[in-house]
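The values are calculated or read from the model by the stated rules, or taken from the named source; none is laboratory data. Note that the coordinates shown come from a computational prediction; the quantities given were computed from them, not determined experimentally. Cβ atoms come from the backbone with ideal geometry, glycine included; neighbour counts cover every protein chain shown.
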Amino acid sequence: MCSTTLTASQTGSDHLYGLDNSNIDFELLGCGIHRDVIEPFQYLQQRAKKEGFELAIASGYRDFDRQLQIWNAKANGERAVLSSDGKPLDITRLDPWQQVQAILRWSALPGASRHHWGTDIDIYDRAAMPENYQLRLTAEEAIGDGIFAPLHQWLDQQFKLKKNQDFFRPYSLDQGGIAPERWHLSYAPLASKFQQAFTLDHLIKIIEAQPIVLKNTVLENIDTIFQRYIDIPR
């Protein structure tokens, strides 16, 4: 289920914005992931296996072009845009700024996705999935009686015991920006460095040069977008 699209604009800090995959391994785990994240993930995976979970990656590295496709499909009404409670929205009833915020609730701005870094992964328990089950990565799957709730309850314990191999949930709480995503894990030692190196000025230059739908509205509100949806505290 992982994207394996390759792009190779391998200059400067382009890896921060999904334009350079030179540090990404696409083979070992069958999914793009930063080479330095493989070993800690495999260790967490082995520990999960001892508890009966088959920790698997639904989505890892995602390049700029893939994020752009997702964004434009949603902005053009070709792909569902969901409300905070997971229900489809009719974005034609929203003004441009409302449309941008609705998309950002569940999908990152191209160039500003943590998945660009290869440090962030969406995970699930493959062992818990019945045959022909369609993975959705929703809150209903991860809480209460959800199919993957036992895995996430185990992960909760690992975080409390500090046995989480330096992974954390960047979207664990609803702070008015990105919706909570219990399935999204980030490898802190690398992700924190990449976030510190990320600059708004460089992102603006990339956005200005790309065919992003709702571009003008994004640029008009870029400071708010950065504070609310991109600059995530550790």
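Of the residues that make up segment 182-204, is at least one within 14 Å of the chain's Cα centre (by Cα) and in a loop (DSSP other than H, G, I, E, B)? Within segment 182-204, one or more residues are within 14 Å of the chain's Cα centre (by Cα) and in a loop (DSSP other than H, G, I, E, B). Evaluated against (1) in contact (Cβ under 8 Å) with a residue 40 or more places away in the chain; (2) surrounded by 13 or more Cβ atoms within 10 Å (Cβ to Cβ), residue 197 falls short on exactly one condition, (2). Among the conditions (1) at pLDDT 95 or above; (2) of a type in the set (Asp, Glu); (3) in contact with a Gly (Cβ under 6 Å, 6 or more places away or on another chain), residue 122 misses just one, which is (3).
The set of residues in segment 85-108 that are surrounded by 14 or more Cβ atoms within 10 Å (Cβ to Cβ) and of a type in the set (Gly, Ala, Ser) comprises 102, 107, 108. Entry remark, segment 152-175: residues being of a type in the set (A, V, I, L, M, F, W, C) and either over 19 Å from the mean Cα position of the chain (by Cα) or farther than 20 Å from residue 188 by Cα (or both) number 3 in total. Could you pull out the residue among 132, 164 that is surrounded by fewer than 19 Cβ atoms within 10 Å (Cβ to Cβ), part of a loop (DSSP other than H, G, I, E, B) and either touching an Asp or Glu at 6+ places or on another chain (Cβ under 8 Å) or of a type in the set (S, T, N, Q) (or both)? The unique qualifying residue is 132. Are any of the residues in segment 143-153 polar (S, T, N, Q), surrounded by fewer than 19 Cβ atoms within 10 Å (Cβ to Cβ), touching a strand residue (DSSP E or B) at 6+ places or on another chain (Cβ under 9 Å) and farther than 17 Å from residue 112 by Cα? No - not one qualifying residue is present in segment 143-153.
Residue 156 meets each of the listed conditions (1) buried (at least 16 other Cβ atoms within 10 Å of the Cβ); (2) outside any loop (DSSP other than H, G, I, E, B) apart from (1). Taking residue 135 as the residue in question, decide whether it is within 17 Å of the chain's Cα centre (by Cα), of a type outside the set (Phe, Trp, Tyr) and more than 19 Å from residue 204 (Cα to Cα). Spelling it out, residue 135 is indeed within 17 Å of the chain's Cα centre (by Cα), of a type outside the set (Phe, Trp, Tyr) and more than 19 Å from residue 204 (Cα to Cα).
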